[in-house]
Each structure stands twice: as structure tokens, then as C-alpha cells.
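The block underneath contains the structure these notes are about, expressed in C-alpha cells.
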Amino acid sequence: MRSTLVSLLVSFGLAASPATASGQVSDFKLDNGLEVVVIEDHRAPVVVHMVWYRTGAADEPPGKSGIAHFLEHLMFKGTDDLGPGEISRIVEANGGSDNAFTSQDYTAYFQRVAADRLGLMMEMEADRMRDLVLAPEDIATERDVILEERATRTDSDPGALFREEMRAALFRNHPYGLPVIGWRAEMAGLSRADALDFYRRFYAPNNAILIVAGDVDPGEVRNLAEKTYGPLAPSAGLAPRLRPQEPPSRAERRVVMEDERVAQPYLVRSYLAPERDPGAQKEAAALVFLADLLGGSGATSVLGQALQFDSQIAVYTSASYVTTSLDDSTFSLVVVPTDGVSLTDAEAALDDEIARFIETGPDPAAFERLKMQIRAAEIYALDDVGDLADRYGRALTSGLTIADVQAWPDVLQAVTVDDVTAAAKRVFDRRAAVTGWLMPAGEEPAK
């Protein structure tokens with residue numbers, strides 16, 4: 001029924017854009033620099049309240065990797081008005097949920113509650129934007145927590161360690177080469193002063209975006225925002241987010257990692273790729289199609305059909321493109337070979353399929369099916385106000401505008417077969433790529 005509904009919507013021209021199908025999107029800015037975005041959705045008496053800071057792991061001072069993620073943990077330790085963990089307890093007592101996350105480009109905090117609790121959420125989030133209290137014992141305790149998190153999620157997982165090595169090799173100069181959680185040796189030295197310096201510099205209304213999505217009135221949101229966030233002082237001297245950039249790539253890099261814990265060898269090829277830029281999203285849209293056509297589905301994608309079904313060289317293939325990024329993005333390919341197939345042969349087969357795709361271009365019928373699927377996915381994305389708030393937050397903290405977010409579905413639908421082929425020719429440059437092999441220890445890699 002869902003596919004039938006989408007077909008009817010499309011055929012009659014009723015597929016609405018994100019700006020209209022789920023309610024009006026409006027925005028304004030407070031005198032202290034806080035940007036506010038309101039996404040109306042009156043279907044349920046629920047609201048998602050999110051504060052996004054334009055700072056992440058790529059904005060950390062040299063030698064302090066992990067401080068952005070560390071501070072995310074410390075933000076739950078309390079303020080001058082609220083005790084440790086009290087914000088989460090109050091959210092839960094009011095029937096809601098809360099959490100936070102850190103990336104290379106942003107750090108975000110959110111609550112999902114009944115719409116009539118919005119004012120309370122704003123009061124608490126505004127309180128910890130400027131009045132965080134960090135006791136010395138909190139630093140030691142939470143530092144142990146993030147070190148244990150790294151031990152559990154990264155150090156004990158050869159795949160995670162391999163991804164770190166790949167990223168560090170791909171980004172030679174840009175701080176995207178740093179892991180979000182941080183390097184262990186630097187994490188162990190993070191101090192209370194480090195956390196407070198980072199907090200005072202970046203956690204300010206003029207470096208934040210407030211997104212409120214759900215059963216709300218924009219005028220009421222403005223009144224509440226001016227009352228709660230309006231009195232907060234902005235940070236002086238916030239510089240533009242100008243980071244070290246990647247130099248020209250003149251040679252392919254290779255990473256071969258052996259680990260006795262690896263049960264199934266596989267290869268990854270990662271390329272530097274252009275990101276979505278304000279008013280210039282066409283190439284990024286073409287790369288979205290390229291990733292789906294090459295490796296979006298094992299049953300229907302180019303790599304899946306050729307390597308998993310026809311030749312049975314691989315048991316798994318995929319392709320992915322990171323659309324939202326302030327600076328250079330990545331386009332990655334993965335091949336997990338079948339038992340008895342060497343990584344050398346698997347890589348050769350991958351290269352053959354890439355060359356064939358560039359020569360022949362996408363299958364027109366597969367391209368049209370994918371275009372319909374992407375249009376349907378854009379429609380279904382309107383069903384969840386949390387997803388909508390997340391979409392705007394990731395975009396705005398990565399340099400895009402509200403207009404870019406609203407234009408994105410139309411930009412996707414304007415992509416042509418020729419656009420995808422041209423994008424493939426530009427992105428598949430081995431000089432701007434890292435090819436990695438992950439294999440069991442003691443297995444001699446082929447030359």
C-alpha cells in the first residue's frame with residue numbers, strides 16, 4: 001500500500017516538499033546570536049527540542065583529541081541550579097527521553113517530550129549552555145568512562161581500529177583524520193581546564209542552533225526562547241571555522257592491517273569526495289545516486305549482482321557516500337570476498353566493475369527505479385519530527401542553509417544518468433584514495 005500511495009502521489013503531483021508536507025518551517029535569530037528553527041507538525045502533542053553546537057572533533061585544539069566527546073559526557077554532570085544527572089531524571093519524570101551525540105562537525109543535545117513541557121526543556125538546556133559546574137571528581141570519573149568506551153568499542157574491535165587507520169591515511173592534514181572519541185594517549189591527559197576552555201569558547205548562543213519540531217506555535221517558541229536563551233551572553237571573538245585543508249593528492253595510499261581477531265578478511269576503498277555546499281548540491285546529489293547504484297542493495301546493485309551473484313567472488317558488497325560534511329567528504333566501497341578468494345582477486349574484480357560502470361554508465365531502468373525510491377524515501381522522512389529536526393541540524397551545522405535543505409529533494413530528482421557518470425569519473429581518482437586490506441594475522445598479503 002505504501003508503494004501504491006507513493007505512485008499515486010507522484011503521478012498526480014502531490015508529493016510535497018519538506019517545507020510544506022509536515023508543516024511550516026520558520027526561523028529567526030535572537031539578539032545574542034542564537035539561531036532558532038521551528039518545524040510545525042500538529043499531528044501529535046509531542047515536541048523535539050534540540051540544541052546543536054557548531055563544534056565537533058575537527059575543531060579540537062592540537063593534542064586534545066576527544067575533548068569534544070568528553071565534554072558531551074560532562075554536560076550531564078549538572079549546573080549551578082541542577083545536580084548531576086538531574087536533567088535526565090527530570091526529562092524521564094515528565095515522560096520524555098533525552099540524549100546527546102558528537103561528530104566531526106557538531107555536538108547536539110536533545111529531548112523528546114509532550115509539547116506542554118517545552119518551556120521546561122528550554123530552561124534546563126539554557127542553564128547548562130552557560131552555567132555548567134564541573135567538580136574535580138567528575139573529571140576523573142568521566143575520563144575513566146570514555147577510556148573504557150574506547151576500550152570496548154574501538155580497541156577490542158579490529159574493524160574499528162582498521163577504520164581509524166583508513167581515515168588517518170585518507171585525511172593527511174585535515175582534522176577529519178582524528179577519531180571522534182580521541183587517541184587513547186591524549187584522552188588520558190584531558191583535564192578539567194581543557195574541558196572548561198573548550199566549553200567557554202564554543203558553548204555559547206552565538207555558536208548554537210536551537211531546533212524545535214512538533215506541535216508548537218512559532219510565536220510561542222519565540223517567546224519561550226527569548227525568555228530562556230535570550231539573557232545568555234554570547235562568546236566574544238568566535239573565529240570562522242577555517243580548518244587545515246587537504247593538499248593535492250598525487251599518489252594512492254594503501255593500508256594493510258593484520259589482526260589475530262579477524263575472522264573474515266575484507267577490503268575497503270575510500271576516496272575524497274566533494275561535500276554538499278550552499279547553493280551547489282548537484283554533484284553531491286549525483287554521488288548519492290552513484291552510491292546506491294553501485295552498492296545500495298546486494299540484490300539489485302551493480303557490485304552486488306556482479307560480485308555476489310554472477311561471479312560469486314564476494315559474500316558482501318556496499319558503497320556509501322557521506323552527504324553532510326563541512327569540508328571534504330568521503331565515498332567508500334567495501335568488498336568481503338568469498339572463502340577461498342584472495343583480496344588481490346577481489347580488488348581486481350572491484351576495479352573491473354568500476355571501469356565498466358564508468359564506460360557504460362548506469363542502467364537507465366535501474367536509475368529510474370532508484371529515483372522513484374529516493375522520492376518515496378523523502379516523503380516517508382516527513383513522518384518523524386525527530387528525523388526532520390536531525391536533518392536540519394546536521395545541515396545547518398555543516399554550512400548549509402534552510403533553503404538548501406528544502407531544495408534537496410528537488411535537486412535529487414533533477415539528477416540525470418549523465419550526471420552520475422560524470423560524478424563517477426571525477427570521484428574515482430586513485431590518487432585521492434586509500435585502499436585498505438584487513439586480514440588475519442600471519443596471512444601473507446599478495447604483492
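The values are calculated or read from the model by the stated rules, or taken from the named source; none is laboratory data. Please read all numbers here as calculations on a predicted model, not as lab measurements. Cβ placement follows ideal geometry from the backbone for every residue including glycine, while neighbour counts extend to all protein chains displayed. Remember, those area values only see protein heavy atoms, side chains included, never the ligands or the DNA or RNA. Shrake-Rupley method; radii C 1.70, N 1.55, O 1.52, S 1.80 Å.
What are the residues in segment 289-312 that are without any contact (Cβ under 8 Å) to a residue 40 or more places away in the chain and surrounded by fewer than 22 Cβ atoms within 10 Å (Cβ to Cβ), if any?
Taking segment 289-312 and keeping what is without any contact (Cβ under 8 Å) to a residue 40 or more places away in the chain, we get 295, 297-299, 301, 304-305, 308-312.
SER297, GLY298, ALA299, GLY304, GLN305, GLN308, PHE309, ASP310, SER311, GLN312 - these are the residues of segment 289-312 that are without any contact (Cβ under 8 Å) to a residue 40 or more places away in the chain and surrounded by fewer than 22 Cβ atoms within 10 Å (Cβ to Cβ).
Within this structure, ARG153 fails the test of being assigned to a helix (DSSP H, G or I) and either of a type in the set (Phe, Trp, Tyr) or touching a strand residue (DSSP E or B) at 6+ places or on another chain (Cβ under 7 Å) (or both). The set of residues in segment 404-447 being farther than 29 Å from GLY159 by Cα and either among the aromatic types (Phe, Trp, Tyr) or free of Cβ contacts under 8 Å to residues at least 12 places away in the same chain (or both) consists of TRP408, THR416. Does segment 22-50 hold any residues that are outside any strand (DSSP E or B) and touching a residue at least 60 places away in the same chain (Cβ under 8 Å), and which are they? Matches in segment 22-50: SER22, GLN24, LEU30, ASP31, ASN32, GLY33, LEU34, ASP41, HIS42, ARG43, ALA44, PRO45.
If the requirement is being of a type in the set (D, E, K, R) and open to solvent by less than 30 Å² (accessible area, probe 1.4 Å), which of these qualifies: ASP384, ASP404? Spell out how you get there, then give the answer.
Values: ASP384 fails: open to solvent by less than 30 Å² (accessible area, probe 1.4 Å).
Testing whether each residue is of a type in the set (D, E, K, R) and open to solvent by less than 30 Å² (accessible area, probe 1.4 Å) leaves just ASP404.
Checking the stated criteria, ALA349 turns out to be open to solvent by less than 30 Å² (accessible area, probe 1.4 Å) and over 25 Å from the mean Cα position of the chain (by Cα).
Only residues that are in a helix (DSSP H, G or I) and either open to solvent by 10 Å² or more (accessible area, probe 1.4 Å) or at pLDDT below 95 (or both) were counted across segment 178-197, and they come to 8. Per the conditions (1) among the hydrophobic types (A, V, I, L, M, F, W, C); (2) over 26 Å from the mean Cα position of the chain (by Cα); (3) open to solvent by less than 10 Å² (accessible area, probe 1.4 Å), the sole criterion not satisfied by LEU232 is (3). In segment 264-288, the qualifying residues are those that are over 18 Å from the mean Cα position of the chain (by Cα) and not small (Gly, Ala, Ser), and the one that is surrounded by the fewest Cβ atoms within 10 Å (Cβ to Cβ) is GLN264. In summary, LEU147 fulfils each of the numbered conditions (1) part of a helix (DSSP H, G or I); (2) surrounded by fewer than 18 Cβ atoms within 10 Å (Cβ to Cβ) with the single exception of condition (2). Look at LEU210 and say whether it is closer than 30 Å to HIS49 by Cα, touching a helix residue (DSSP H, G or I) at 6+ places or on another chain (Cβ under 7 Å) and at pLDDT below 95. It is false that LEU210 is closer than 30 Å to HIS49 by Cα, touching a helix residue (DSSP H, G or I) at 6+ places or on another chain (Cβ under 7 Å) and at pLDDT below 95.
Looking at GLY85, GLY119, GLY95, can you tell me which residue is farther than 28 Å from VAL322 by Cα and without any contact (Cβ under 8 Å) to a residue 12 or more places away in the chain? The match here is GLY85. Across segment 46-63, not a single residue is classified as farther than 25 Å from ALA233 by Cβ, modelled with pLDDT under 95, out of contact with any His (no Cβ under 6 Å at 6 or more places or on another chain) and of a type outside the set (Phe, Trp, Tyr).
Modelled with pLDDT under 95 and of a type in the set (D, E, K, R): which single residue out of GLU149, GLU123, GLU137, GLU142 fits that description?
Numbers: GLU149 fails: modelled with pLDDT under 95; GLU123 fails: modelled with pLDDT under 95; GLU142 fails: modelled with pLDDT under 95.
Only one candidate qualifies: GLU137.
The residues of segment 51-66 that are open to solvent by less than 10 Å² (accessible area, probe 1.4 Å) and either in a loop (DSSP other than H, G, I, E, B) or among the acidic types (Asp, Glu) (or both), listed by number, are THR55, GLY56, SER65, GLY66.
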